[in-house]
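The values are calculated or read from the model by the stated rules, or taken from the named source; none is laboratory data. Model, not experiment: these values are computed from the prediction. Positions of Cβ are generated from backbone atoms using ideal geometry, with glycine treated the same way; all protein chains shown enter the neighbour counts. Just so you know, the surface numbers come from the protein's heavy atoms only, side chains and all, with ligands and any DNA or RNA stripped out. Shrake-Rupley method; radii C 1.70, N 1.55, O 1.52, S 1.80 Å.
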Amino acid sequence: MPTAVAVAHPNIALVKYWGKRDAGLNLPAAGSLSVTLAPMATTTRLTWGKSSDAFTLNGRAASGRDAARLSGFLDLVRALRPDLGGAEVVSENNFPTAAGLASSSSGFAALALAATHAARVELGPAALSVLARRGSGSAARSLVGGLVRMDGGRLGDGSDAFATQVDPLTDWPLQVVIAVTTEASKETSSTDGMTLTQQTSPYYPAWVAGVEPDIDEAVEAIASRDFDRLARVAEASAMRMHACALGADPAVLYWRGATVDVIHTVRALRRQAGIPCFVTVDAGPHVKVFVLPEHVDRVNRALLEVPGVLRTILARVGGDATVRIEGS
Ligand code: DP6
């Protein structure tokens, strides 16, 4: 059996996905909007025809809940071609895993691409995005580069809930400075955090109702290359997602002290130094700061001075996921 090698970039949402309309099919309650990032990437090698599934993630064998989630995902490909048997999967990230740095987005995008290509199962872009979504909602957005819109869809089978590129952003070189505030894995997964939020936060209906208008606003802001307008809507989406999560019982709290200090620093850069920049925060304590290239150095220096910021990662807009076949 051939080995497929897929490379996918993680993405960061400008308008967040937080809540599901169907947990079984992993259908989002609303759409979302993201930017695919480079040079961060997941590289996944996969070969079918083994007696059972075996996963090596960043040099370690996966077991328990992680392995069960991955095997469950591969079952979706085995349902398309039942003779595949088990798969040997070796996956590496060139960035920290499971600390709110969106590793599941690139991870399941690369796995969907490698698993289908190694099986010679031909899926179009929409069907591939639907498959990646079953692994992780954000993964549906990591198959293509640039600015990507996820459609929440309406159909019960989820066939209309997939992501497409809105803009390759080749002429608008947005950059992201990621302030890393811990090297530890996060305590509450996105899946668990959003489930608890959905079940217990009184703010959840208001959150969901605001998502589609925010996506439209952000798409218009980007179409007119209006950084300040994008900053307002994207920061509001992140803050409202976390406000909604804080309303859960018990509260879903991803922030650390350094997270809040970085947010204050970015506000000061904007208000006092007039530097266009804005924050977004996902299901972890790190802060991602969007900025245009001419201000990267200044923002990076300011973030590195914040106590509790361990290091920064610089990212730019990334491209499409890729796949190649080795052997025959
Ligand atoms: C905060 O895609 O990790 O990053 O579908 O349950 O696997 P599952 O969730 P996941 O959630 C991402 C949440 C977020 C916001 C976003 O990326 O839109």
Note to self: Can you tell me the orientation of helix 204-223 relative to the chain, as the angle in degrees between its alpha-carbon axis and the longest Cα principal axis, to the nearest 10?
What the structure shows: 80
Note to self: I need the calculated FRET efficiency for the pair Ala67 and His264, taking r as the beta carbon distance and R₀ as 51 Å, to the nearest 0.05.
What the structure shows: 0.80
Check: How much of His264 can a 1.4 Å solvent probe reach, expressed as accessible area in Å² and rounded to 10?
Finding: 110
Next item on the list: Compute the length gained on full extension between Gln272 and Ile325: take 0.36 nm times their separation in residues and subtract their Cα-Cα distance, giving the result in nm to one decimal.
Entry: 13.8 nm
Check: Any idea of Asp66's accessible area? Nearest 10 Å², probe 1.4 Å.
Finding: 100
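Is region 190-267 rounded, prolate or oblate when judged by the Cα gyration tensor, a ≥ b ≥ c being the square roots of its eigenvalues, rounded requiring a/c under 1.5 and prolate requiring a/b larger than b/c?
Working: a/c = 3.07, a/b = 1.37, b/c = 2.24.
It comes out oblate by the Cα gyration axes.
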Checklist line | Estimated FRET transfer efficiency (Asp157, Glu92; beta-carbon r; R0 30 Å; 0.05) | finding: 0.35
Checklist line | Contact order relative to length of region 149-248, as percent, for alpha carbon pairs under 8 angstrom and 6 or more apart | finding: 25
Next item on the list: Indicate the gyration tensor shape class of region 25-167 (rounded, prolate or oblate), computed on the Cα atoms with a ≥ b ≥ c the square roots of the eigenvalues: a/c under 1.5 is rounded; otherwise a/b larger than b/c is prolate and the rest oblate.
Entry: oblate
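Show Ser190, Ser51, Ser32, Ser185 ordered by accessible area, largest first, where the area counts protein heavy atoms only and the probe is 1.4 Å.
The residues order as Ser51, Ser185, Ser190, Ser32, largest area first.
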Next item on the list: For Glu305 and Glu220, compute 0.36 nm times the residue count separating them, minus their Cα-Cα distance, and round to one decimal in nm.
Entry: 27.2 nm
Next item on the list: Express the accessible area of the chain per residue in Å², computed with a 1.4 Å probe while the remaining protein chains stay in the model.
Entry: 42
Check: Between Met239 and Asp297, what is the spin-label point distance in nm, taking each point 7 Å from the Cα along the Cα→C-beta axis?
Finding: 3.1
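Work out how much length Asp83 to Thr164 would gain on full extension: take 0.36 nm times their residue separation and subtract the Cα-Cα distance, in nm to one decimal. It would help to have the intermediate numbers written out before the result.
Values: separation 81, 0.36 × 81 = 29.16 nm, distance 3.11 nm.
Result: 26.1 nm gained on full extension.
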Notebook entry, point to check: Can you give the accessible area of Tyr204 in Å² (nearest 10), computed on protein heavy atoms with a 1.4 Å probe?
Noted result: 30
Check: How would you classify region 220-307 from its alpha-carbon gyration tensor, with a ≥ b ≥ c the square roots of the eigenvalues: rounded for a/c under 1.5, else prolate if a/b is greater than b/c, otherwise oblate?
Finding: oblate
